[in-house]
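A.B. asks: There's a structure below that I have some questions on.
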Amino acid sequence: MTTMGTSDPFPLTPVDERYALTQAYVPEQIPSLMATISHATAFLIEDYLGFAKDNWVIFVGYPLGTQFSASRCDELVAHILELRCPDYLWFIGPEIPPSLARSCIVRQSDHYLRLDLAQTTIKTSLQREVNQASRTLTVEHSAHSRPNTSRL
């Protein structure tokens, strides 16, 4: 994993990106998705992803392979703020670090739910709909991706 030194964050390496993809459990931890949406450069600091561009930073406060620690997350956010001096910081995480909570201007909240497919039973009426849709569904298997797919 790449970590930050005393300069700007390093872009994600292919190894870092594969690591992130194997550990991701929220959409914001998918580097290619976030980089495409934000047009920013992804970086990895310890076990946390971030995205930086111009005068702003998005910090993903969900650690990839470790338990969330509010105090450690707070330290890393402070480190990013010191290095980048962004005008804007967007924080996405399970809880707002104490230092950000004091200066936070706007708060929004998303809720993530997990669906355990192995334990899920499907109603008979819905299963009929699925079966009917599967008769008209076309799946294309290809070794090549289309331009719009590769952007993600």
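The values are calculated or read from the model by the stated rules, or taken from the named source; none is laboratory data. Keep in mind it's a predicted model, so treat the numbers as computed, not measured. With ideal geometry, Cβ positions are generated from the backbone for all residues, glycine too; neighbour counts draw on all protein chains shown.
A.B. asks: Among Leu89, Leu83, Leu44, which is the only one that is farther than 22 Å from Leu21 by Cβ and outside any helix (DSSP H, G or I)?
C.D. replies: Leu89
A.B. asks: Go through (1) at pLDDT 75 or above; (2) under 30 Å from Leu64 (Cα atoms) and name the single condition Arg135 misses.
C.D. replies: With respect to (1) at pLDDT 75 or above; (2) under 30 Å from Leu64 (Cα atoms), Arg135 is out only on (2).
Table: residues versus (1) surrounded by 15 or more Cβ atoms within 10 Å (Cβ to Cβ); (2) in contact with a helix residue (DSSP H, G or I) (Cβ under 8 Å, 6 or more places away or on another chain); (3) small (Gly, Ala, Ser).
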| residue | (1), (2), (3) |
| --- | --- |
| Glu46 | yes, yes, no |
| Gly50 | yes, yes, yes |
| Asn55 | no, no, no |
| Phe68 | no, no, no |
| Glu82 | no, no, no |
| Leu89 | yes, yes, no |
| Gly93 | yes, yes, yes |
| Ile96 | yes, no, no |
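A.B. asks: Taking the conditions exactly as written (at pLDDT 85 or above, loosely packed, with under 11 Cβ neighbours inside 10 Å and not aliphatic (A, V, I, L, M)), does Thr121 satisfy them or not?
C.D. replies: When the stated conditions are applied, Thr121 does not pass them.
A.B. asks: Checking the structure you have, find out if any residue of the range 20-31 is part of a strand (DSSP E or B), crowded, with 21+ Cβ neighbours inside 10 Å and among the hydrophobic types (A, V, I, L, M, F, W, C).
C.D. replies: Looking for residues that are part of a strand (DSSP E or B), crowded, with 21+ Cβ neighbours inside 10 Å and among the hydrophobic types (A, V, I, L, M, F, W, C), one finds none in the range 20-31, hence no.
A.B. asks: Please find, among Cys104, Cys85, the residue that is at positive phi and out of contact with any Phe, Trp or Tyr (no Cβ under 7 Å at 6 or more places or on another chain).
C.D. replies: Among Cys104, Cys85, only Cys85 is at positive phi and out of contact with any Phe, Trp or Tyr (no Cβ under 7 Å at 6 or more places or on another chain).
A.B. asks: Taking the criterion of being closer than 19 Å to Ala20 by Cα and assigned to a strand (DSSP E or B), would at least one residue in the range 60-68 satisfy it?
C.D. replies: yes
A.B. asks: Test Glu75 against the stated conditions and say whether it is assigned to a helix (DSSP H, G or I), charged (D, E, K, R) and under 11 Å from the mean Cα position of the chain (by Cα).
C.D. replies: The answer is no for Glu75.
A.B. asks: Among the residues of the range 96-118, is any at pLDDT 85 or above and within 19 Å of the chain's Cα centre (by Cα)?
C.D. replies: Yes, the range 96-118 contains at least one residue that is at pLDDT 85 or above and within 19 Å of the chain's Cα centre (by Cα).
A.B. asks: Restricting attention to the range 47-56, and to residues there that are in a strand (DSSP E or B) and of a type outside the set (Lys, Arg), which single residue is farthest from the chain's Cα centre (by Cα)?
C.D. replies: Trp56
A.B. asks: Among the candidates Ala20, Ala52, Ala70, which residue alone is of a type in the set (Gly, Ala, Ser), touching a Phe, Trp or Tyr at 6+ places or on another chain (Cβ under 8 Å) and at negative phi?
C.D. replies: Ala52
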